Amino acid sequence: MINFAALAVLLGVTLPQTEALVATHVSDVDITTVASAAPEGRVTDDSIRLVDAGGYNVGIGIVQRPATNRASAIQHHALTEVYRVIAGAGTLVTGGTLIESRELAADSEIVKVLTGPSDVGTGVDGGTARRIATGDMVIIPAGVPHGFTEIEEDIAYLVVRVDPQQLLQIK
C-alpha cells in the first residue's frame, strides 16, 4: 500500500494543513423526523445535514413526491446527486436535454441551500428512462438532466449531494 504522506515528502510536495475532519452521523431518527414533518400531497425536498468534508461539501436530504405530482426536470451545473429510494416507485429519465429550460435565480433559497446553480424544465427530451423502486440507487453526475415521467406510488428517496465547489450554504 502506498503511503501518500511519505510519497509527498519524497517528492517535495507539501500537504495542506487543515482542521481535523470528523465523521457525521445521520440517524434513522433524524431522517424519519424530517420526513414525517413534510406536508402530505406535495413535493418536498428537505436538507437533513450539510457538512464541509475537507474542501468540498456533502449533504444529505430527503425528497418526497406524491403519485399525483406532475413531474418536472432539473439539471444541476455543479452538484452530483446520489439517490436511494426508501419507499415507492417511479420512472426516472436521465440524460438528454431539458424541455423549456430556464435558469433558477441565483439568489433563491433553493439554489443556496439545495441545488446550487441549476436549470429547470417541464421534462427531459431523450435520455434514458428507468423504473426505480424501494432499495434502488442512482448516481446523477453534475450537468445531467433528470426528472420523473411517472410516479406509480408516492416515492421518497434519500439524496446525497456532492458539492465540490462549496456552493451550498452550511447553516
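The values are calculated or read from the model by the stated rules, or taken from the named source; none is laboratory data. Small disclaimer: the values here were computed from a predicted structure and weren't measured. Cβ sites come from the backbone with ideal geometry, for glycine too, and all protein chains shown count toward neighbours. Quick note on the areas: whole protein, heavy atoms, side chains included, nothing else; ligands and nucleic acids left out. Shrake-Rupley method; radii C 1.70, N 1.55, O 1.52, S 1.80 Å.
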Inside the stretch 130-164, can you point out the residues that are of a type outside the set (Ser, Thr, Tyr), in contact with a strand residue (DSSP E or B) (Cβ under 7 Å, 6 or more places away or on another chain), farther than 24 Å from Thr32 by Cα and open to solvent by 70 Å² or more (accessible area, probe 1.4 Å)? Arg130, Arg131, Glu150
Which listed residue is part of a strand (DSSP E or B), under 13 Å from Ala73 (Cβ atoms), among the hydrophobic types (A, V, I, L, M, F, W, C) and in contact (Cβ under 8 Å) with a residue 24 or more places away in the chain, from Val159, Val124: Val124
State yes or no: is Ile62 surrounded by fewer than 19 Cβ atoms within 10 Å (Cβ to Cβ) and within 20 Å of Ala38 (Cα to Cα)? no
Would you call Val82 closer than 22 Å to Thr128 by Cβ and either open to solvent by less than 50 Å² (accessible area, probe 1.4 Å) or polar (S, T, N, Q) (or both)? yes
In this structure, is Leu167 over 16 Å from Ser72 (Cβ atoms), touching a residue at least 40 places away in the same chain (Cβ under 8 Å), surrounded by 14 or more Cβ atoms within 10 Å (Cβ to Cβ) and hydrophobic (A, V, I, L, M, F, W, C)? yes
So Glu100 clears everything in (1) under 28 Å from Thr24 (Cα atoms); (2) modelled with pLDDT of 95 or more; (3) among the acidic types (Asp, Glu) except one condition, right? Which one? (1)
Members of the stretch 79-116 that are of a type in the set (Ser, Thr, Tyr) and more than 15 Å from Ile140 (Cα to Cα): Ser101, Ser108
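This table checks each residue for (1) within 14 Å of Gly59 (Cα to Cα); (2) touching a His at 6+ places or on another chain (Cβ under 8 Å); (3) small (Gly, Ala, Ser); (4) modelled with pLDDT of 95 or more.
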{"site": "Ile86", "(1), (2), (3), (4)": "no, no, no, yes"}
{"site": "Val113", "(1), (2), (3), (4)": "yes, no, no, no"}
{"site": "Ala142", "(1), (2), (3), (4)": "no, yes, yes, yes"}
{"site": "Glu152", "(1), (2), (3), (4)": "no, no, no, no"}
Kindly check whether there is at least one residue in the stretch 61-81 that is at pLDDT below 85, under 23 Å from Tyr157 (Cβ atoms) and of a type in the set (Ser, Thr, Tyr). yes
